[in-house]
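Okay, structure first, notes after.
The values are calculated or read from the model by the stated rules, or taken from the named source; none is laboratory data. Nothing here was measured: the structure is a model prediction, and the numbers come from that model. Glycine also receives a Cβ, built like all others from the backbone with ideal geometry; neighbour counts cover every protein chain displayed. Note: accessible area is taken over every heavy atom of the protein model, side chains too, but ligands, DNA and RNA are not part of it. Shrake-Rupley method; radii C 1.70, N 1.55, O 1.52, S 1.80 Å.
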Amino acid sequence: MRIRDHAHLSDEALVALVARSDQGALAELYDRVGGVAYGLAYRVLRDESLAEDAVQEAFLGLWRAAATFIPERAKASSWILTLVHRRAVDLVRREERRRSEPLEVVPEATTGSAEESAWLHLERERVQHALRRLPDQQREAIELAYYGGFTQSELAERLGQPLGTIKSRMFSGLARLRELLDEGAEKDAWTTTTS
Amino acid sequence: MDNHYELTAAYSLDALDGLERERYEGHLATCEECREELASFWAVSGALAHAAGGPAPPPALRARILAQARSERPNVVPLRPRWALPAAASVAAVAAVLALGLGLWGSSLSRELDRERTAQASVAEAVAIVTDPRARTVPFAGADGHVVITSTGNAAVVLSGLARAPEGKTYALWVIADGIAHPAGLFDGSDSRLVQKLSRSVPDEATVAVTLEDEGGVPAPTGAPLFQSLIV
């Protein structure tokens, strides 16, 4: 098999090829998203084999159902990551192994090329930077929910706040994060505007 | 009354419990605005995934996923033992996300408001079969799609690129076992992508076929199949 002969294709084009049972396309998608997917699953689950399960299930779902994926609805990579996250959260709740402390520093996850590693590194920095700019309480709610797997009711109890407060912190935090990420994307965009 | 924007945010972070999630997905089936908001929040949670900072996956995981994809045939499923235990609930949960990602809510569901609950449940069932890690997949010959069969014989078809059935006609699904065709459901082909559970189980050595019939369906096929699956 040729190596990375799908490297020039978009994620969405790869999903279309996966729908035609193209294993090379599945491999390429794994190379692009698998590292982030596993890192995410591990952050939630703190267990290697459970994290592998979550990733494997998401890619299996992709393999079988890619024919029905609608690119206009979602980016292929966020779709895969959403599948992985949902599975990880369900597992962590069932296994009662939720942790809220941050991860020890680990080498960055890479499964793809040097260019992709560089891009992933920048993306990670960009999102972490945006997260740091959130008000503490919003960041805390988002991190405990997304990386810790806590439900909003559990968060209310854990943080000693009314449920409504937690809901509003998550919403405001996500909305703010969306702005910050958009802003960052605009600032980074190539532009010749000087006015 | 619940603020749906807040629920959408919580849902995109997977911060709802099982019941809340189910209710919200029910709402999502009827609310295009929330679906759009969700797509935008999913982009943010996707960004959060990039900042998770976990370790790199073991190299064997890639090989195992590819081997599994390659081996989508009966009795050759190189899964680790843990896969013998997935809870039905978790499969259904993944199925719901998958259905959303696939836009199934947008296509087949919102059109059928009064039957939305039933339709939602049956799509969720079909997608649960499709994502069952122990299920196997058999391609159709002559069409773009396949049949997915669970270990208990429950089956769903995934088809794309079919033309809509002509006026007054319907596509009919058949399970052919021991030379006899048993009716297994109808569809009109109005969705360019179809994920549908078969109304009967599929035994070993059977095939699944599709014919074009008069609207309302018939007890036995009236002509040769348009296409059929390989032997299950």
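General remarks:
- When segment A:1-47 is filtered for residues that are surrounded by fewer than 18 Cβ atoms within 10 Å (Cβ to Cβ) and facing chain B (nearest Cβ under 7 Å), only A:Gln23 remains.
To keep it simple, each residue is scored yes or no on (1) of a type outside the set (Lys, Arg); (2) open to solvent by less than 50 Å² (accessible area, probe 1.4 Å); (3) at pLDDT 95 or above.
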{"position": "A:Arg126", "(1), (2), (3)": "no, no, no"}
{"position": "A:Leu134", "(1), (2), (3)": "yes, yes, yes"}
{"position": "A:Gly148", "(1), (2), (3)": "yes, yes, no"}
{"position": "A:Ser172", "(1), (2), (3)": "yes, yes, yes"}
{"position": "A:Glu183", "(1), (2), (3)": "yes, no, no"}
{"position": "A:Thr191", "(1), (2), (3)": "yes, no, no"}
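- Pairs with Cβ under 7 Å, 6+ apart, first in segment B:214-227 and among the hydrophobic types (A, V, I, L, M, F, W, C), second open to solvent by less than 50 Å² (accessible area, probe 1.4 Å) and assigned to a loop (DSSP other than H, G, I, E, B): B:Phe227/B:Ala143
- Segment A:152-170, residues that are β-branched (Val, Ile, Thr) and surrounded by 23 or more Cβ atoms within 10 Å (Cβ to Cβ): A:Ile166
- Segment B:189-216: number of residues that are under 22 Å from B:Asp178 (Cα atoms) and of a type in the set (Gly, Ala, Ser): 4
- Hits in segment B:38-66 - residues which are open to solvent by 30 Å² or more (accessible area, probe 1.4 Å) and in a helix (DSSP H, G or I): B:Ala39, B:Ser40, B:Ala43, B:His50, B:Pro59, B:Ala60, B:Arg62, B:Ala63, B:Arg64
- When segment B:169-197 is filtered for residues that are over 16 Å from B:Pro221 (Cα atoms) and open to solvent by less than 60 Å² (accessible area, probe 1.4 Å), the ones remaining, listed by number, are B:Gly189, B:Ser190, B:Asp191, B:Leu194, B:Val195, B:Gln196.
- Scanning segment B:28-57 for residues that are at pLDDT 85 or above, at the interface with chain A (Cβ under 8 Å from one of its Cβ atoms) and under 24 Å from the mean Cα position of the chain (by Cα) returns B:Ser40, B:Phe41, B:Trp42, B:Ala43, B:Ser45, B:Gly46.
- Annotation: B:Leu230 fulfils all but one of (1) buried (at least 16 other Cβ atoms within 10 Å of the Cβ); (2) within 18 Å of B:Gly142 (Cα to Cα); the unmet one is (1).
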